[in-house]
Structures are given as structure tokens and as C-alpha cells.
Amino acid sequence: MDALRRNGSLSRVEIARLSGLTPQAIRNIVDDLLQTNLIRETGRRKGFRGQPQINIEINPDGGYSLGFHAEAGILHHVAANLGGQIVYEGKSLPIPRSKADMLETIAEIDAKSQHELKGLMRLGVGAVFSRPASSKWFIHEQSPEEFAAQSQALAGYFDEEIVFENDANAAALAESMFGLVRAGGNFVYIFVGEGVGGGIVDAGEPVRGVRGNAGEFGHILIDPNGEKCHCGNNGCLHGYLSIGGLRRKYKDVSLEPSSVPDEWINSAASALGRALVSLENILDPERVIVGGTAPEWLLAEIVSRLARQDFPSVRSELAEQRLEISKLGSRSALLGAAALSLLNVTNPSLAKLTKQSFSLDDIVATPRVNANVKSS
Ligand SMILES: [Zn+2]
């Protein structure tokens, strides 16, 4: 499935060569997958020698995945088919506070989406939150108990496997399924939304860290004398670049071009420039993509101002543009939520990773006490 996703269509002989399995094993596996409708035959093609080969490709209608994104008190949901096309987008709803109300909302969404997608098999469910896993950091005014009740409702409702992820990692995965990056790419993704996060993708695989929080770029230190951050440090990137930070500083701001102060955009660009130096020097990525739920005009404005400043790094002397803006728009994390379980089906090592590293317990667990705090 991974070979097909990367290459479009292949013959059985080619799949055998790419996977390292025997032609007989591949014939059996292909027969099984044809039975389940996950792949389909696309007709004959002349081989280099001998018999013409029958090509195989992923069947877009072989199934779909349902993705949820909870942000700023609103639950968004979307369904994508195996071909990576959005096949259903439901109405966004306020997130209920109690587990019982949450279960009711999910049941409504389930009934409506199943009705709209009649005949398609659901392969999995992905849920994306705007916070790190196993952490006491809450960006919004939401209690840990509420958050636990909501995620337990989601995890308990569906028969299918549900994959949890934070918004920035999900948006990065969406980029490799729907966006700028080819399958197997190497890039760093900076997510700008209510908070600032990120994802590191190496050879198509997310780099996750022990608790799944690798790429928490929002807490790169920009100014030790800066404002206190919810993480406990001062002057984190989050405070300069996030929409939450903008709202805290200018109470009545809207996200229209005429409303966001010039001064804020300049300081956001300068903070991002400093953070970029660290990211490029540490990770030496092929590409750096910036996206998230912040409006595209704002990201473009910040990136254009950053280009006029001088923040050298190991990567800054390349002739190419240092930062690219995602084309997925503000739905990137939501698309990522749907991509999660599709990638789970089509990418063997990602499936292994998601199974190993992210459980409901990880999401709602009480965080470990920071060693420094403990000793004091
Ligand atoms: Zn911080």
C-alpha cells in the first residue's frame, strides 16, 4: 500500500521488487487486497519483455477516514477517502463540556457522515487537539477534567481504531498527503494557530520524541526577559507568533489585515527569524513550511518581512526560499486528522509508530513532574 501511495500505480512484479517480497507472496497479498477493495486493477501496460503487466493502484473508494479537530472550543470534522480526496465536510459544532453531551454530539456526527458516505467503508478515525500530549499546558480556558472527558468520549465511541495527535504534527502529516511535499520528503513544519507548534518529518516519517511532543517549537526561547509563558519560561516564540498571543496583547483585534498592528507583525517576523536559525542549524531540513489556522495573508506578511532581515544559519545561504507557506490553508490540522488513519493503513512504519506511541493515556495523563521543580 505504501509503495502504491508513493508511486501511483505499479505492476505485481514492480511491487515485489520494491518490497523485497517474493512474487508469489505479492500475488497472494494483492489478491487479498483486491478482495477487500482497498486496491484495484487499472488495465494492462506493455512490460519491457514478455507478457503485458496488469497495473494495480489504490482504490480511492476503498474506504475513508473520519478526522476531528478540536480548537478554541469548536469541533470540526471531515472525511477523506483512500485517494486523499475530501469526500465529506460536516458542520462545525461547539464542543460539549460533559462526556455524556460529547457522546451525543459524536453520535450525531457519526449518523450524518455514515448517511452521506453510504456504501463506503470507514477505515479509521483521527482526532487532533491543540495541545501537547502528557502535559499540563493548556492554552485555552479548559480544565484537564473536561479535556479528559471529551477525549474519552471520542476514544470510547468508535469501533474503529482512533489515532490521537496534536495539531501541528497532524498538519505536517497533511502536508505530505495533500500538500507541498512528495511522499518520503524531509521537512520542518511550523504551525501557527492559537498556539505555535511544529512537526519534523524525516524521509516521510514524523519524528515524535518519547511522548510524541517533538517539534514543540512554540517554546523555543526568543527573549529571556520576555513575557511569562504558560510553560513556565519567559519570552517563548509562542508569545510573539501565536494568534492567542496577538489576542492577549490587543484585546479587540480581529484577523483582518486592517486590524492587526504593524508593530505586532514586525515583532512576530523577528521572533520567527530567530527561531528559524535554531531549527535550521539543529535539523538542516530540506524545506521549512509554515502553515496553521492563522490566516494566510498574515503568514505571507510575516514571511515577507522575515525575508528582509538577516538571520544567518547553515541553511540560509541556499538560493532557495527559506520559508514556504502551506497551500492547505486553515484546515491543515483538520485534513491531518483525516490523513492520520489513512496513513495508518498505507504506511507500515507510521502504523507501528502510532500504535506504539500514542494512547488515550498519553493524551490525558498527568504529566511527570519536571526534575527541576522536584528538586526545589
Ligand atoms: Zn513557553
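How many residues are surrounded by 14 or more Cβ atoms within 10 Å (Cβ to Cβ) and over 19 Å from residue 202 (Cα atoms) if we restrict to the range 287-315? Outline the logic, then answer.
Step one: filter the range 287-315 for residues surrounded by 14 or more Cβ atoms within 10 Å (Cβ to Cβ), giving 287-296, 298-299, 301-303, 305-306, 311, 313, 315.
This time we only want the ones that are over 19 Å from residue 202 (Cα atoms), so: 292-296, 298-299, 301-303, 305-306, 311, 313.
Within the range 287-315, residues that are surrounded by 14 or more Cβ atoms within 10 Å (Cβ to Cβ) and over 19 Å from residue 202 (Cα atoms) number 14.
Name the residue, out of 232, 245, that is within 16 Å of the ligand (Cβ to nearest atom) and crowded, with 21+ Cβ neighbours inside 10 Å. Walk me through it before giving the result.
Values: 232 fails: crowded, with 21+ Cβ neighbours inside 10 Å.
Sole residue among the options that is within 16 Å of the ligand (Cβ to nearest atom) and crowded, with 21+ Cβ neighbours inside 10 Å: 245.
Restricting attention to the range 302-325, which residues are in contact with a helix residue (DSSP H, G or I) (Cβ under 6 Å, 6 or more places away or on another chain) and either under 30 Å from residue 62 (Cα atoms) or touching a residue at least 40 places away in the same chain (Cβ under 8 Å) (or both)? Working first, answer last.
We begin by selecting, within the range 302-325, every residue in contact with a helix residue (DSSP H, G or I) (Cβ under 6 Å, 6 or more places away or on another chain); these are 302, 305-306, 309, 311, 313-315, 323, 325.
Within the range 302-325, 302, 305, 309, 323 qualify.
What is the number of the single condition among (1) assigned by TED's automatic domain parsing to the domain that holds residue 111; (2) away from the ligand (no atom under 16 Å from the Cβ); (3) closer than 16 Å to residue 336 by Cβ that residue 175 does not meet?
(1)
Given (1) modelled with pLDDT of 90 or more; (2) within 16 Å of the ligand (Cβ to nearest atom); (3) within 23 Å of the chain's Cα centre (by Cα), identify the lone condition not met by residue 221.
(3)
Would you point out which residue out of 212, 239, 199 is buried (at least 21 other Cβ atoms within 10 Å of the Cβ), in the same structural domain as residue 272 (by TED's automatic domain parsing), away from the ligand (no atom under 16 Å from the Cβ) and over 23 Å from residue 84 (Cα atoms)? Please lay out each step first, then the result.
Working: 239 fails: away from the ligand (no atom under 16 Å from the Cβ); 199 fails: over 23 Å from residue 84 (Cα atoms).
Among 212, 239, 199, only 212 is buried (at least 21 other Cβ atoms within 10 Å of the Cβ), in the same structural domain as residue 272 (by TED's automatic domain parsing), away from the ligand (no atom under 16 Å from the Cβ) and over 23 Å from residue 84 (Cα atoms).
Can you give me the number of residues within the range 101-116 that are touching a residue at least 40 places away in the same chain (Cβ under 8 Å) and acidic (Asp, Glu)?
1
Give the residues of the range 144-175 that are under 28 Å from residue 204 (Cα atoms), in a helix (DSSP H, G or I) and of a type in the set (A, V, I, L, M, F, W, C), sorted by residue number.
154, 155, 168, 170, 171, 172, 173, 174
Determine the pairs where a residue that is β-branched (Val, Ile, Thr), located within the range 3-32, has a partner that is surrounded by 15 or more Cβ atoms within 10 Å (Cβ to Cβ) and in a strand (DSSP E or B) with Cβ atoms under 8 Å apart, the partner being 6 or more residues away or on another chain.
13/53; 15/56; 30/39; 30/56
The values are calculated or read from the model by the stated rules, or taken from the named source; none is laboratory data. Keep in mind that this is a model prediction, so the values were computed, not measured. Heads up, the Cβs are rebuilt from the backbone with ideal geometry, glycines too, and the neighbour counts pull from every protein chain shown.
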